[in-house]
1. Among VAL141, VAL121, VAL20, whose mean-square fluctuation peaks in a Gaussian network model of the chain (Cα, cutoff 10 Å)?
2. Taking Rh as the Kirkwood radius computed over C-alpha pairs, what is the Stokes-Einstein D of the range 40-199 at 25 °C in a medium of viscosity 0.890 mPa s, expressed in µm² per second?
3. Report in % the part of the accessible area of the range 1-48 that belongs to carbon and sulfur, leaving out ligands and nucleic acids; probe 1.4 Å.
4. Most mobile of THR38, THR77, THR166 per a Gaussian network model of the chain (Cα springs, under 10 Å)?
5. With θ taken as phi - 60° and the coefficients 6.51, -1.76 and 1.60, list the Karplus ³J(HN,Hα) couplings across the range 86-94 in order, rounded to whole Hz; mark glycine and proline as x.
6. Whole-Hz Karplus ³J(HN,Hα) for the range 116-123, in order, using 6.51 cos²θ - 1.76 cosθ + 1.60 and θ = phi - 60°, x for Gly and Pro?
7. Restrict the search to the range 1-88; then list the chymotrypsin sites (Phe, Trp or Tyr not before Pro) that DSSP places in a loop and that have at most 16 other Cβ atoms within 10 Å of their Cβ.
8. Provide the per residue accessible area, probe 1.4 Å, for the range 165-271, rounded to a whole number of square angstrom.
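The values are calculated or read from the model by the stated rules, or taken from the named source; none is laboratory data. Fair warning: this is a prediction, and the values are worked out from it, not measured in the lab. Heads up, the Cβs are rebuilt from the backbone with ideal geometry, glycines too, and the neighbour counts pull from every protein chain shown. Surface accessibility is based on the protein's heavy atoms, side chains included, excluding ligands, DNA and RNA. Shrake-Rupley method; radii C 1.70, N 1.55, O 1.52, S 1.80 Å.
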Amino acid sequence: MPTDHRIEINRRHWNECTPVHAASDFYDVESFRNGRVTLSELERKGVGDVDGKSLLHLQCHFGLDTLSWARLGARATGVDLADDAITTARRLNDEVGLDARFIRANVYDLPEVLDERFDVVYTAMGVLVWLPDLTRWAEVVAHHMKPGGLFYLLDVHPVSQVFDETRPAGAPADLRVAHDYFPDAAGTMYPGNAPSYAGEDIIESPAWEWQHSLAEILGALLDAGLRLTSFDEHPVTMYRQFPGMVRGDDGLWRLPSGDDIPLIFTLTATK
């Protein structure tokens, strides 16, 4: 399919993000080099034992999670839009002596460059917001799954994305609605010159994002022929989404209150 100019803008954005993220404390590449597995307990439990299984990681950024699946025994393939991300992932793969494979591709174009089916298709954290067309995305997911294979998704909960992420959050009542919940196909362009989630370094390039509701996400997967096997919502997240959040001993972030909202969701599906 023709490349959407908005996706091309995002490719340039993520090329700029990659070296900043790879050098950040947030990603802590050095501890990964020393043997750390970057995957959360939620992901490892949700996907299960991957030893000897083929695994496709969509929107893999610079590959730490892909390489972690390989470290756990998967025959892992990572795919990302950004050239610099794939270059960095391949370099890390060589440095730590793993055998993961990395492919530079727009997720929508993947069936044109990769003619394989996988035991597991996996994608996680901050992925759907970069995709304008979930119908096509779900078709790609289904296309690359073996019959009886597993699809695993962990992502930011759409409900949490309606709130002002710059406003300190002492409790859910302190959160202020700033964004629409329901899908907007036109998307929103953010002008850049702002820090990313991974630290205080400024990312100059702009980026496009798209809001997706739970109904849109689940509907796209069902329409692609997948069967939902689990769905859950969690009052924790992997980064400081709102000022004032507290990080627990498990490394996950929470609102500083007992009254929680869903911050991430997880699901599994099969074909």
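1. Between VAL141, VAL121, VAL20, it is VAL20 that shows the largest mean-square fluctuation.
2. On the way: Rh = 17.3 Å.
Rounded, D is 142 µm²/s.
3. Details: 1360 of 2640 Å².
It is 52 percent, rounded to a whole number.
4. Highest fluctuation of the listed residues: THR166.
5. For the range 86-94, the Karplus curve yields 5, 4, 5, 4, 5, 5, 5, 4, 5 Hz.
6. Listing the rounded values in order: 9, 10, 10, 5, 10, 10, 10, 8 Hz.
7. Details: sites: TRP14, PHE26, TYR27, PHE32, PHE62, TRP69; in loops: PHE26, TYR27, PHE62.
Listed in order of number, the matching sites are PHE26.
8. Working: 5880 Å² over 107 residues.
Counting only protein heavy atoms, the per-residue value for the range 165-271 is 55 Å².
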